[in-house]
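Q: My questions will all concern the structure given below.
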Amino acid sequence: MKNRIKIIVIGLIIILSASYIGYVNLYKYIKKVDLPSVISTEEISREEGLLLNFINNKLMNDKGGIYTNYSNKKTEGDLTKGHDILSESQGIILNYYLYNNDEIEYENIFKYIKENMILKNGLISWRIEENQPSNVSATIDDLRIARSLILASNEFNSLKYRYYGLKIANGIKENLVIDNRLIDFEDGYGKSNVTTLCYLDLYAMDILSLFDEDWKNIYNKSFEIINNGFISNELPLYRKFYDGDKEAYDNEEKADTLLSILVILNKAEVHEDVSESVNWLKSRLKWYGYISTTYDINTMEESRVESTSIYANLALIGKVINDKELYDLSIKKMKNFQVLNIESDIYGAFGYETSNEVYSYDNLNALLAFRRDFNK
């Protein structure tokens with residue numbers, strides 16, 4: 001009799017424990033979280049409308065995949081060209097439709113990602129080449145998509161999006177974190193030990209920490225890596241990457257301005273002080289009239305080459321920190337690169353008319369700069 005009671009008690013304990021574990025695991029998918037709305041109330045301008053029309057009709061296939069380039073040249077190794085499709089592009093267009101409150105188009109892009117890019121480990125294939133997904137992911141894109149899905153679950157009242165957002169986040173945590181440090185990727189040969197600073201999407205980690213406290217430690221480590229990568233007061237930009245094997249930052253002679261601006265945007269989105277960097281960039285725009293793609297860390301020599309994406313992401317920083325002057329300066333410069341020749345094959349796009357080169361990254365960042373709202 002005593003043995004039977006003991007067995008029953010043990011059985012009940014097992015059932016209760018399993019029920020508790022199940023509840024804990026399920027709770028994060030249904031818990032109520034307070035997230036600010038990201039829906040934009042701005043009217044679609046002529047320039048945004050032309051760009052969106054070009055992307056939808058000439059840079060996207062019938063399944064919702066964004067081509068890397070309008071000109072269909074063959075990809076060479078890691079240098080993606082032509083009509084191959086990147087997780088980077090899919091994540092950015094996903095955010096655009098989220099900001100535009102377009103649930104139908106959002107679902108179409110999500111469906112493409114779900115059916116073509118989600119790997120068995122929960123990560124996102126970084127590239128579809130000739131309709132075949134790579135088994136490698138890119139942390140920056142995985143975080144962007146996970147963040148977008150969780151925000152979309154609130155905006156569109158869909159637990160499905162939260163489920164997939166957290167699934168991707170779990171894949172990142174299980175495969176791309178070493179001692180709370182996010183790394184760039186894992187491939188079939190092993191893990192990268194490099195952390196590219198602009199990959200560290202602090203806002204994504206902040207959101208994910210609402211569901212999983214482990215992300216707080218990852219956030220803190222990421223913030224430490226970013227701040228220690230600050231170059232100098234004279235050149236208030238950031239180092240490109242941190243090498244975990246050497247426990248040191250890169251020693252490149254030139255600072256990559258776009259990558260630094262992405263770091264500044266990531267900091268701004270979690271309300272960190274970016275005034276020193278912003279004031280420097282804004283003064284360059286005011287007094288020099290442009291921002292260069294690179295600056296020599298020792299001599300300040302500049303490339304004198306400009307980029308649509310630099311101005312687009314500066315405009316995004318302006319919106320995030322509610323700096324209308326920065327936004328106006330940046331968006332004015334960005335618009336100079338838009339093709340407004342109605343006879344051109346790439347009318348409405350940001351690209352090169354002589355060669356019909358139109359890169360998805362430039363165009364999608366420009367689209368976000370038009371669409372994202374100023375912080376409320």
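The values are calculated or read from the model by the stated rules, or taken from the named source; none is laboratory data. This one's a predicted model, so the numbers in the text were calculated from it and none came from an experiment. When we count neighbours, we look across all protein chains shown, and the Cβ atoms used for this are built from the backbone with ideal geometry, even at glycine.
Q: Of the residues in region 191-217, how many are over 16 Å from residue 138 (Cβ atoms), exposed (fewer than 15 other Cβ atoms within 10 Å of the Cβ) and either touching a Gly at 6+ places or on another chain (Cβ under 9 Å) or of a type in the set (Gly, Ala, Ser) (or both)?
A: 0
Q: Follow-up. Checking residue 289 against (1) in contact (Cβ under 8 Å) with a residue 60 or more places away in the chain; (2) in contact with a helix residue (DSSP H, G or I) (Cβ under 9 Å, 6 or more places away or on another chain); (3) at positive phi, which test does it fail?
A: (1)
Q: Got a sec? Which of 93, 109 is modelled with pLDDT of 95 or more and touching a strand residue (DSSP E or B) at 6+ places or on another chain (Cβ under 8 Å)?
A: 93
Yes or no, residue by residue, for (1) surrounded by 20 or more Cβ atoms within 10 Å (Cβ to Cβ); (2) of a type in the set (Asp, Glu); (3) in a strand (DSSP E or B):
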| position | (1), (2), (3) |
| --- | --- |
| 94 | yes, no, no |
| 98 | yes, no, no |
| 104 | no, no, no |
| 109 | yes, no, no |
| 115 | no, yes, no |
| 128 | yes, no, yes |
| 135 | no, no, no |
| 143 | yes, no, no |
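Q: Out of region 324-376, which residues are over 18 Å from residue 47 (Cβ atoms), in a loop (DSSP other than H, G, I, E, B) and touching a helix residue (DSSP H, G or I) at 6+ places or on another chain (Cβ under 7 Å)?
A: Within region 324-376, 375 is the sole residue that qualifies.
Q: If you take the residues of region 295-310 that are β-branched (Val, Ile, Thr) and surrounded by fewer than 19 Cβ atoms within 10 Å (Cβ to Cβ), which of them is farthest from residue 348 (Cα to Cα)?
A: Among those that are β-branched (Val, Ile, Thr) and surrounded by fewer than 19 Cβ atoms within 10 Å (Cβ to Cβ), it is 299.
Q: Just give me the residues in region 233-251 being surrounded by fewer than 13 Cβ atoms within 10 Å (Cβ to Cβ) and in contact (Cβ under 8 Å) with a residue 40 or more places away in the chain, in sequence order.
A: 233, 234, 245 - these are the residues of region 233-251 that are surrounded by fewer than 13 Cβ atoms within 10 Å (Cβ to Cβ) and in contact (Cβ under 8 Å) with a residue 40 or more places away in the chain.
Q: For residue 105, which of the numbered conditions (1) under 22 Å from residue 208 (Cα atoms); (2) in contact with a Gly (Cβ under 9 Å, 6 or more places away or on another chain); (3) not aromatic (Phe, Trp, Tyr) fails to hold?
A: Condition not satisfied by residue 105: (1).
Q: Could you pull out the residue among 167, 221, 216, 160 that is in a helix (DSSP H, G or I), basic (Lys, Arg) and within 21 Å of residue 264 (Cβ to Cβ)?
A: From the options 167, 221, 216, 160, the qualifying one is 221.
Q: Same structure, new question: So, residue 182, is that one of a type in the set (A, V, I, L, M, F, W, C) and within 30 Å of residue 56 (Cβ to Cβ) or not?
A: no
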